[in-house]
Every structure is written in structure tokens, then in C-alpha cells.
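Here is the structure we will look at.
The values are calculated or read from the model by the stated rules, or taken from the named source; none is laboratory data. All values reported here derive from a predicted model rather than from experimental measurement. Cβ placement follows ideal geometry from the backbone for every residue including glycine, while neighbour counts extend to all protein chains displayed. Areas reflect the complete protein model, heavy atoms only, side chains present, ligands, DNA and RNA absent. Shrake-Rupley method; radii C 1.70, N 1.55, O 1.52, S 1.80 Å.
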Amino acid sequence: MKLILNLIKIALVFLFMAGVFILLINKTFIYESYEEDIMKGDGIPISRFMYYQGLSKDLTATFLTPLSARYLNTYKSNYLNNLEQCYGKYYYDETNDITITNYNIIDNSYYRTIRISMANENYCSDDYVLSDMWVYEYNNVSNYVKGDISKDAMDLLISTVYSAVRVNDPIINDDYESSVNLSVTCSNSGSEYTLTFSDFSDGELLIVKDDGTNEQFAVYEIAGVVEFLNTLV
């Protein structure tokens, strides 16, 4: 019996040592930054004791940690607040030359899951500004294919946006969450693209054009935008 107990103790010691070794060789667990090859700088600042699980094909990094959500949110805010913000959802990190597209902290019972999604591009650059020519493209060289609203409702929306004032420097309200999102698929010379319309604030409309390889954004002033979008459904 004594021999068995000793063997169990030895096994537990080895298991403990193996666990410590796994944590020590992890990419981020004992470090205060997270770095990938796509980053040009020293990486994203993070807290210690965040266990790196891997990077998905869509460039979403996942971590596990026993640290509290309140503590982790402080790190998140300190990082994102120092980045260039655009369109209420993207944060451009000039040092690393990446755009943070999502930074989620999921509070589980005994641990937290952190998911940081990024793009190897500057979504806040002029390349991602949607020119007002999208209206001309829809009206003159595109066909309505399908969508959350009918073609007649889409024509009314286009007419309303055409007479609206464009917001060149949208004011980002971190506390505002859009309540209506309407998508319409269009076709231009056989190639499809999607236009998504959502309330950006109480009086502003966000338009996102996605052609499958690129997203572009524009914001327009429309009073009572939520009510207006709901009348189109």
C-alpha cells in the first residue's frame, strides 16, 4: 500500500511539473504581449496568465484565463482607447498595422474566454470609405437580387439617403448598439455585392458595402433612423 501511495505522489508531482511546463512554454501565459507574424510592432498588450489556444483562419485569437472580467476589461479599454476608431466597430493599431474587428471577453463560471479578431489591413483608411457613387451604381448599373426588404422599399431607402447629409467624421458612441440591420444583395455585371443598412446612432445611418473581398463604409444623417428602417420591413 505504501508503495502505491508513493507511486501516486510521484505521478502527481510529474503531472504538476508537466502542467507548469505547458504553461511556461505557452505563447502568452507568462508574457504581457501577444504577437503574430502579421503584426509589424511588438504585439498587442495583454495581461499575464492568459493561455493562448490558437489563431483561426479568420485571424481570431482565443485565450483562456482565470483572471476576472473586470480586470481584463481594464486591459481591453486601455488598449483600444489608444487606437484610431472608425465606424463604431473598428480600431486601427498603427504600431502593429492591424485592425481590431472584435475584442470579446466571455465570462464563464470559473474562467474567462477572450477572443480578439483582427484584419491585416487598415479599415480606417480612405480605401474603406464608401464613395457616394454607390447610389449611382445601384440605380444605373445594378440589379436588385434579394434582401431583408423589397425592391420598392430599397428604392425608397436609396431616395432618402440620396437627399441626406453625409457625416464625414462620425462620432463614435461606445454605449450605442444598433437595433436594426437590413441587408440587400445586388448584382453588377454578374458579380454580386451586399449593402447593409443599420442605425449608427439615434439620427445616423451606417451603410456597409461588401463585395466579397472588401468592405467600405459611409454614414448619413437621417432623423428617426430606427423608425424609418422599421417601416421598410
Exercise for the section: Relative to the compact-globule scaling 2.2 N^0.38 Å, provide the ratio for the alpha-carbon radius of gyration of the chain. Expected result: 1.36
Practice task
Measure nothing but the geometry: give the 0 to 90° angle between the long axis through the Cα atoms of 151-162 and the longest principal axis through the Cα atoms of the chain, rounded to 10°.
Solution key: 90 degrees
Handout entry: chymotrypsin sites (Phe, Trp or Tyr not before Pro) within the range 95-137: DSSP coil, no more than 15 neighbouring Cβ in 10 Å
Key = Tyr110, Tyr111
Problem - Dimensions (Å) - the range 139-233, Cα atoms, principal axes, largest first - result: 39, 28, 22
Problem - For the range 50-92, fraction of C-alpha pairs farther apart than 15 Å, in % - result: 59 percent
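Given a 1.4 angstrom probe, I'd like the percentage of the accessible area of the chain that is carbon and sulfur, rounded to a whole number.
Numbers: 7040 of 13710 Å².
Reported share for carbon and sulfur atoms: 51 percent.
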Exercise for the section: Sort out the exposed loop trypsin sites (Lys or Arg not before Pro) in the chain (DSSP loop, at most 15 other Cβ within 10 Å) and tell me the longest stretch that has none. Expected result: 58-233
Handout entry: Isolated Cys in the chain, by beta carbon distance under 4.7 Å
Key = Cys186
Completion exercise
Quick calc: nm separation of the 7 Å Cα→Cβ label points for Asn81 and Asn143 -> 5.2 nm
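Please find the FRET efficiency linking Thr74 to Ser125, where r is the Cβ-Cβ separation and R0 is fixed at 30 Å, and quote it to the nearest 0.05.
Values: r = 29 Å, r/R0 = 0.97.
FRET efficiency, Thr74 to Ser125: 0.55.
Based on the Kirkwood radius over alpha-carbon pairs, what value in µm²/s does the Stokes-Einstein equation return for the translational diffusion coefficient of the range 105-174 at 25 °C and 0.890 mPa s? Provide the component values of the computation, followed by the final result.
Numbers: Rh = 16.4 Å.
Translational diffusion coefficient: 150 µm²/s.
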Problem - Where the chain is the region considered: accessible area per residue in Å², 1.4 Å probe - result: 59 Å²
Exercise for the section: Return the aspartates and glutamates within reach of Lys57: Cα separation strictly under 18 angstrom, same-chain partners fewer than 8 residues apart disregarded; answer none if there are no such residues. Expected result: Glu35, Glu36, Asp37, Glu121
Practice task
Take every Cα pair under 8 Å in the chain that's 6+ residues apart, average their separations, divide by the length, and report that relative contact order as a whole percent.
Solution key: 13 percent
